[in-house]
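Novice: Once you've had a glance at the structure underneath, I'll fire off some questions.
The values are calculated or read from the model by the stated rules, or taken from the named source; none is laboratory data. Computed from a prediction, not measured in an experiment: that's the story for all the values here. As a convention, Cβ positions derive from the backbone with ideal geometry for all residues, glycine included, and neighbour counts pool all protein chains shown.
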Ligand SMILES: C[S@@+](CC[C@H](N)C(=O)[O-])C[C@H]1O[C@@H](n2cnc3c(N)ncnc32)[C@H](O)[C@@H]1O
């Protein structure tokens, strides 16, 4: 398939029956109490392996809720440094890892080289995961993981342009093959469009003022460097608290460059078709825009009935695909946030695929 760089080692992709995850303990609140499996030596090792690249967030919780089983097949749609995948592979599960960033794939392939018979890494956007799975002959999955956003390596590498604290090209593309960079947006978008991006994707209250300032400034000198843009935004918006004034503008540009919210919506809508009954969808989001999309999608698809004021009675919900495994978004424990401050905004949501009959009866 064009555009897909497939390098997978699995000799035989399993097409087994539905799994029955046995979950021993649920943690329903944003509280560390009742954490599923504790700081076991194997979890510690998993963290250390790719620590320099990215510390996997909510690793114990993801493992607990995906409940991986030997020979079952899982899609890690955001492979990154492979930290979550490694944890699944350790118990003998098969994993397909997807990432749009070729640098992530190279790292994860090297790290997970010992699992060549049970692990495959494919470059692609998760919005196309269904097409990708069809291409490699997969018929169903026992679990799907989406650990959204960017990895620590992507943030820390100044050449990728994600960070406002280090000088680098204003790039922000997760996939270097896509055409539009952040610099292209900042230097070419109409003022109104820039303001919309800052407001909708950054929830930036000063969106219009910043957009106007950028348009005036770029007539004199275009923006090419991350710190140039960050300092310019700082000169326009007073610093409130510890958050850098350019945080929201950078978030907005990153979301726009990578079309992140649309990709998430498209990937979620494809999941029911692929998850086997009992299989679980686990999603970690890092800001309210992502979490809102996940939350409202899962709410919509976990209700048996739908109702509208103009209907005489509620009707069966044709999208009743899931039951919620946890009702609220789960936050990392204070202990995890202390050891990995980048985890602080993470929220985990989990849903389980119902028997297919539930959606059609
Ligand atoms: C937070 S990191 C994942 C870290 C990983 N779970 C680990 O343990 O190392 C997110 C990864 O997802 C990738 N990514 C983000 N959006 C994507 C998309 N739409 N399609 C494919 N990969 C995506 C990023 O390139 C990044 O490597």
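Novice: Given the options 148, 194, 185, 170, name the one that is in contact with a helix residue (DSSP H, G or I) (Cβ under 8 Å, 6 or more places away or on another chain) and closer than 14 Å to residue 227 by Cβ. Steps first, answer last, please.
Specialist: Numbers: 148 fails: closer than 14 Å to residue 227 by Cβ; 194 fails: closer than 14 Å to residue 227 by Cβ; 185 fails: closer than 14 Å to residue 227 by Cβ.
That would be 170, the only listed residue that is in contact with a helix residue (DSSP H, G or I) (Cβ under 8 Å, 6 or more places away or on another chain) and closer than 14 Å to residue 227 by Cβ.
Novice: Can you go through 2, 46 and tell me which one is modelled with pLDDT under 50 and surrounded by 21 or more Cβ atoms within 10 Å (Cβ to Cβ)? Lay out the reasoning, then the answer.
Specialist: Working: 2 fails: surrounded by 21 or more Cβ atoms within 10 Å (Cβ to Cβ).
Every option except 46 fails the conditions.
Novice: Looking only at segment 95-111, filter to residues that are free of Cβ contacts under 8 Å to residues at least 60 places away in the same chain and over 18 Å from residue 152 (Cβ atoms); which one of those is farthest from the ligand (Cβ to nearest atom)?
Specialist: The qualifying residue farthest from the ligand (Cβ to nearest atom) is 95.
Novice: Taking only segment 107-128 into account, find how many residues are part of a helix (DSSP H, G or I), more than 15 Å from residue 146 (Cβ to Cβ) and touching a strand residue (DSSP E or B) at 6+ places or on another chain (Cβ under 9 Å).
Specialist: Kept after step one, since they are part of a helix (DSSP H, G or I), are these residues of segment 107-128: 107-111, 113-115, 126-128.
Okay, now just the ones that are also more than 15 Å from residue 146 (Cβ to Cβ), so 107-111, 113-115.
Going one step further and asking which of them are touching a strand residue (DSSP E or B) at 6+ places or on another chain (Cβ under 9 Å), we end up with 108-109, 113, 115.
Counting residues in segment 107-128 that are part of a helix (DSSP H, G or I), more than 15 Å from residue 146 (Cβ to Cβ) and touching a strand residue (DSSP E or B) at 6+ places or on another chain (Cβ under 9 Å) gives 4.
Novice: For residues that are within 21 Å of residue 270 (Cα to Cα) and in contact with a helix residue (DSSP H, G or I) (Cβ under 6 Å, 6 or more places away or on another chain), tally how many sit in segment 81-97.
Specialist: Adding up the residues that qualify gives 2.
Novice: Sticking with this structure for a sec: So, in segment 308-361, exactly how many residues are in contact with a helix residue (DSSP H, G or I) (Cβ under 8 Å, 6 or more places away or on another chain) and part of a strand (DSSP E or B)?
Specialist: Total meeting the criteria: 9.
Novice: How many of the residues making up segment 251-306 are surrounded by fewer than 16 Cβ atoms within 10 Å (Cβ to Cβ), within 14 Å of residue 349 (Cβ to Cβ) and within 15 Å of the ligand (Cβ to nearest atom)?
Specialist: 0
Novice: Checking the condition modelled with pLDDT of 95 or more, at positive phi and more than 10 Å from the ligand (Cβ to nearest atom), which residue from 120, 130, 82, 137 passes? Spell out the reasoning first.
Specialist: Numbers: 120 fails: at positive phi; 130 fails: at positive phi; 82 fails: more than 10 Å from the ligand (Cβ to nearest atom).
Within the list 120, 130, 82, 137, the selection yields 137.
Novice: Name the pairs whose Cβ atoms lie under 8 Å apart, with the first residue in segment 79-94 and over 15 Å from residue 144 (Cα atoms) and in contact (Cβ under 8 Å) with a residue 40 or more places away in the chain, the second assigned to a helix (DSSP H, G or I) and within 7 Å of the ligand (Cβ to nearest atom), and 6 or more positions between them or separate chains?
Specialist: Pairs found: 81/104.
Results for (1) closer than 21 Å to residue 128 by Cα; (2) touching a residue at least 24 places away in the same chain (Cβ under 8 Å); (3) under 26 Å from the mean Cα position of the chain (by Cα); (4) not assigned by TED's automatic domain parsing to the domain that holds residue 66, shown as yes or no for each residue.
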site	(1), (2), (3), (4)
185	no, yes, yes, yes
217	no, no, no, yes
245	no, no, yes, yes
277	no, yes, yes, no
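Novice: So which of 147, 71 is modelled with pLDDT of 95 or more, in contact with a strand residue (DSSP E or B) (Cβ under 8 Å, 6 or more places away or on another chain) and surrounded by fewer than 20 Cβ atoms within 10 Å (Cβ to Cβ)?
Specialist: Values: 147 fails: surrounded by fewer than 20 Cβ atoms within 10 Å (Cβ to Cβ).
None of the others qualify; the one that does is 71.
Novice: Right, next: What are the residues in segment 157-169 that are free of Cβ contacts under 8 Å to residues at least 60 places away in the same chain and surrounded by 15 or more Cβ atoms within 10 Å (Cβ to Cβ), if any? Outline the logic, then answer.
Specialist: Of all residues in segment 157-169, those free of Cβ contacts under 8 Å to residues at least 60 places away in the same chain come to 157, 159-160, 168-169.
Those that are free of Cβ contacts under 8 Å to residues at least 60 places away in the same chain and surrounded by 15 or more Cβ atoms within 10 Å (Cβ to Cβ): 157, 160, 168, 169.
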